[in-house]
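*Asks:* Sending over a structure as structure tokens; questions will come in a sec.
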Amino acid sequence: MRTFILSLLFPALLSSLSISGAERKVIVVFAQFPDLQFSHGRTQLDSLCLALSTYYNSQALPGRTFRFDAGPIVTLEKSFAHYGANTTDMRDALAGSMAAEACRKADEDVDFSAYDNGNGTTVNDLLIMVPGKSEAYGAGDDYFWPQTISLVKSRIYLALDKRRIDNFAVVSELGPGGSFTGTGDLAHEYGHLMGLKDYYDTDGDLSGGVSKALWGITALMDKGNRNDDGRTPPNLNAIDRELLEAGGCEVLEKPGDYTLEPITRNGRYAKILSDISSEYYLLECREESGNDAFIGGSGMLVYHVDRSGSDAATSSYYQRTLSALERWSFNEVNCNPSHECARLVAADPSATSAAGIFWPAPGKTVLGSDSNPSLRFWDGSTGLLALRNIHKSADGTVGFSLVEPLHIEKIDVFQNSTLLNWTAGVSDVDSCRVFWTPIKEGSETSSIKCTVAPEMGVPLEGLEPNTGYRYLIRLFCSDGSSFSAGGSFRTLVQRTDVFRCILLRGVPRNTDGSFATGTKIPLVVFNTSGTEHIAWSFNGTEIHPGNDGRWTVRESGILRAEVTDADGGRDIIIKEIVVR
């Protein structure tokens, strides 16, 4: 028996359904059995539907309201075990038949055409509540497991009031503690009907072990539906809102100071993009009150989301590597702990309670390329941005400074050297070091300390021609934080058929070939072996590159390179520089 739940038999059901419109109407039908009937009366059932309407209407989903209508209580023909029994590969194998029978019996009291929410053909907003405790909370195998099901996928074709009845969810009367259920399970299952996914590890300890996912209590679609014995499910989070296309997202692209209010105040959250389509970070502010009273803390939550086509580890059920996109389609979002596709980035990576997942935490006010945890993507890249001075205010908001710590301005690649140039977007840099390594097995890493200046640069010398290298530039700041950025390059081929020359490839020029005053040029001679001594002069005066590794042209004249080989041979190369 598979241990995971919720629509894995019907992955197509989990594609996002539109929830636009002035009001989304949902019908709740209460189906009992000859041998298992509701222990709570009409008043409580009606109140539950009202509470569910209140929950969803409190979520600040722009332009959207919800109404959950309490339908009739109907008694089905056969025992609950007839409908709720499990088979070897399916929980509640006849749940679809149960729902179809319940709808037929309810049809006298329900106009199902009122619940097509404007599509004119199909009812996809149907909840079925059954009496007793849930199989998920320890009831026997013949009881019902909370899940969403498609009648059409089950090959059950039912039309009532000129509408096809298709997608529905099953929930039980009693909650985790055995008392009357709260809104948690209903809200969770209805989330699936809207297109949301499970964030908990739906295959348990398979596929590499159990994922922490979103720590259970923080998310409705994790296990937050059980908070407060199911009575106080958490608010929809930033991932939910993005999947629902509910608006309120601010893409962080420019450095500056930002503030996030608790997400239920205005539904707003922030997003940091990567170079990989559909892999990104989401940031939101949460407050431990109201629906979020049981999420374990207050502050900023950070999510690393991967919905890309890249590989995302193996699946025990599918017996192959899945892409991240497939994991979302198959409802295996966080099944493999080695590649969670909706990962909560805890402020304290060693946290054992939810209090340690919220930002800021003691000693955790920076989130960037080199912090722990770090802001990195699955391919190892870091992006350009970082968060500093993450702080929480008395009014419940969280603020931070968004910075671009390190911007690589230019990289010039030659045969035996490469010239890197960058600027720092932070003002408290204490020191800087550059690391480089040949891309071949057994290679050692070299490094050099750089001069700290507004514009920095360094030549990497002694390189091998026609060889790939990886490089990393790292800044060390006065507050103990560090930031890095890097990439790769391939040196040019050594040419035996070309004389030595001063190489100014890529240096900007005027249309007539002249240079503008202030142009910066690399001092490099093409086709040397890298072991020669080169002395540079301009108009007879010795010159050297500046802190950025380049020499600045300020007037017209003669640039001269005197190359002395190991055997004592000497070449003199001159180049006329015209400044206009």
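*Asks:* Over all pairs of distinct alpha carbons, what does the Kirkwood formula give as the hydrodynamic radius of region 501-577, in Å?
*Replies:* Roughly 13.2 Å, rounded to one decimal.
*Asks:* For region 45-62, just list the computed ³J(HN,Hα) in residue order, Karplus coefficients 6.51, -1.76 and 1.60, θ = phi - 60°, integers in Hz, with x standing in for Gly and Pro.
*Replies:* Ordered by residue, 3J(HN,Hα) equals 5, 5, 5, 5, 5, 5, 5, 5, 4, 4, 4, 5, 6, 8, 8, 6, 8, x Hz.
*Asks:* Please give the helix 184-193 orientation as an angle from the longest Cα principal axis of the chain, in degrees from 0 to 90, rounded to the nearest 10.
*Replies:* Relative to the chain, helix 184-193 is tipped by roughly 70 degrees.
*Asks:* Also, I was wondering about something else. Given 0.36 nm per residue, what is the gain on full extension from residue 427 to residue 93 after removing their alpha carbon distance, in nm?
*Replies:* 113.9 nm
*Asks:* Ok, one more. Among the Cys residues of the chain, which have no other cysteine Cβ under 4.7 angstrom away?
*Replies:* 49, 103, 249, 285, 335, 341, 477, 501
*Asks:* Across region 160-175, in residue order, what do the Karplus-derived ³J(HN,Hα) couplings come to in whole Hz, using 6.51 cos²θ - 1.76 cosθ + 1.60 with θ = phi - 60° and x for Gly and Pro?
*Replies:* 9, 6, 6, 10, 6, 9, 10, 7, 8, 10, 10, 9, 10, 5, 9, x
*Asks:* Return the long-range amide H neighbours of residue 65 (sequence gap of 5 or more, or a different chain), with a cut-off of under 5 Å between placed amide H atoms.
*Replies:* Those lying under 5 Å, H to H, from residue 65 are 23, 24.
*Asks:* Past 20 Å, Cα to Cα, is the threshold; run 364/392; 25/223; 25/78; 271/410; 78/153; 153/212 against it and keep the listed order.
*Replies:* Among 364/392; 25/223; 25/78; 271/410; 78/153; 153/212, the Cα-Cα distance tops 20 Å for 25/223; 25/78; 271/410; 78/153; 153/212.
*Asks:* Counting Lys and Arg as +1 and Asp and Glu as -1, what is the net charge of the other residues whose Cβ lies under 12 Å from the Cβ of residue 517?
*Replies:* That sum, taken over residues with Cβ under 12 Å, equals +2.
*Asks:* For a Förster distance of 22 Å, can you work out the FRET efficiency between the beta-carbons of residue 67 and residue 157, rounded to the nearest 0.05?
*Replies:* 0.20
*Asks:* For the ranges 267-276, 183-192, what's the packing order if you count other beta-carbon atoms within 10 Å of each residue, average per peptide, and put the highest first?
*Replies:* 183-192, 267-276
*Asks:* Report the FRET efficiency, 1/(1 + (r/R0)^6), for residue 79 and residue 23, where r is their Cβ-Cβ distance and R0 is 30 Å, rounded to 0.05.
*Replies:* 0.20
*Asks:* Let me ask another. Can you tell me, using C-alpha contacts under 8 Å and at least 6 residues apart, the relative contact order of region 317-373 as a whole percent?
*Replies:* 23
*Asks:* Would you please put 362-369, 60-67 in order of how densely packed they are, using the mean number of other Cβ atoms within 10 angstrom per residue and starting with the highest?
*Replies:* In decreasing order of mean packing, 362-369, 60-67 become 362-369, 60-67.
*Asks:* Under 5 Å between amide H atoms, partner at least 5 residues away or on a different chain: which partners does residue 492 have, H built in plane at 1.01 Å?
*Replies:* 414, 415, 466
*Asks:* Determine the sum of side-chain charges near residue 93: Lys and Arg each +1, Asp and Glu each -1, restricted to other residues whose C-beta is under 12 angstrom from that of residue 93.
*Replies:* Result for the local shell: -3.
*Asks:* I need the shape label for region 198-401. Rule: rounded when a/c is under 1.5, else prolate if a/b > b/c, else oblate, with a, b, c from the alpha carbon gyration tensor.
*Replies:* Oblate shape, in that a/c is at least 1.5 and b/c is the bigger or equal ratio.
*Asks:* With θ taken as phi - 60° and the coefficients 6.51, -1.76 and 1.60, list the Karplus ³J(HN,Hα) couplings across region 275-291 in order, rounded to whole Hz; mark glycine and proline as x.
*Replies:* For region 275-291, the Karplus-derived couplings read 7, 9, 4, 6, 10, 6, 10, 10, 10, 9, 10, 10, 10, 6, 7, x, 4 Hz, x marking Gly and Pro.
*Asks:* Considering the dipole of region 60-194 built from charges on the beta carbon (Lys and Arg +1, Asp and Glu -1) around the Cα centre, which of 100, 76, 134 is farthest to its positive end?
*Replies:* About the Cα centre, the residue reaching furthest to the positive side is 100.
*Asks:* How much FRET efficiency would the formula 1/(1 + (r/R0)^6) give for residue 50 and residue 479, where r is the Cβ-Cβ distance and R0 is 56 Å, rounded to 0.05?
*Replies:* 0.65
*Asks:* Now a separate question. With a cut-off of 8 Å between alpha carbons and a minimum separation of six or more residues, what is the relative contact order of region 489-553 in percent?
*Replies:* Normalised by residue count, the contact order of region 489-553 is 34 percent.
*Asks:* May I ask you to compute the full-extension gain from residue 319 to residue 43, defined as 0.36 nm times their residue separation minus their alpha-carbon distance, rounded to one decimal in nm?
*Replies:* Between residue 319 and residue 43, full extension yields an extra 94.5 nm.
*Asks:* Using mean projected area of the Cα convex hull in nm² as the read-out, say which of (1) 33.4; (2) 38.9; (3) 34.8 was calculated from these coordinates.
*Replies:* Recomputing mean projected area of the Cα convex hull in nm² here picks out (1).
*Asks:* Also, quick follow-up: Put +1 on the Cβ of each Lys and Arg and -1 on the Cβ of each Asp and Glu in the chain; which of 118, 359, 272 then has its Cα farthest toward the positive end of the dipole?
*Replies:* 272
*Asks:* Among 477, 103, 249, rank each residue by its count of other Cβ atoms within 10 Å, from fewest to most, as a rough exposure measure.
*Replies:* 249, 477, 103
*Asks:* Additional query: Stretched out fully, how many nm does the piece from residue 500 to residue 531 gain, at 0.36 nm a residue minus the Cα gap?
*Replies:* That works out to 9.7 nm of additional length.
*Asks:* Still on this structure, please answer the following. If a paramagnetic tag sat 7 Å from the Cα of residue 258 along the Cα-Cβ line, which residues of region 467-501 would have the backbone N under 20 Å from that point?
*Replies:* 482-485
*Asks:* Same structure, new question: Considering only C-alpha atoms, what is the centroid distance from region 197-264 to region 93-140, in Å?
*Replies:* Computed from Cα coordinates, the inter-centre distance equals 27 Å.
*Asks:* What number, in percent, do you get for the relative contact order of the chain if the mean sequence gap of Cα pairs under 8 Å and at least 6 apart is divided by its residue count?
*Replies:* Taking the mean separation of contacting Cα pairs over the length of the chain, I get 9 percent.
*Asks:* Limiting things to C-alpha atoms, what are the Rg and the maximum Cα-Cα separation (Dmax) for region 370-476, in angstroms?
*Replies:* 16.8, 59
Bear in mind these aren't lab numbers, they're just calculated from the coordinates by the rules spelled out. If you're wondering where the values come from, they're calculated on a predicted model, not measured in any experiment. Neighbour counts are summed over all protein chains in view; Cβ atoms, including those assigned to glycine, are modelled from backbone coordinates with ideal geometry.
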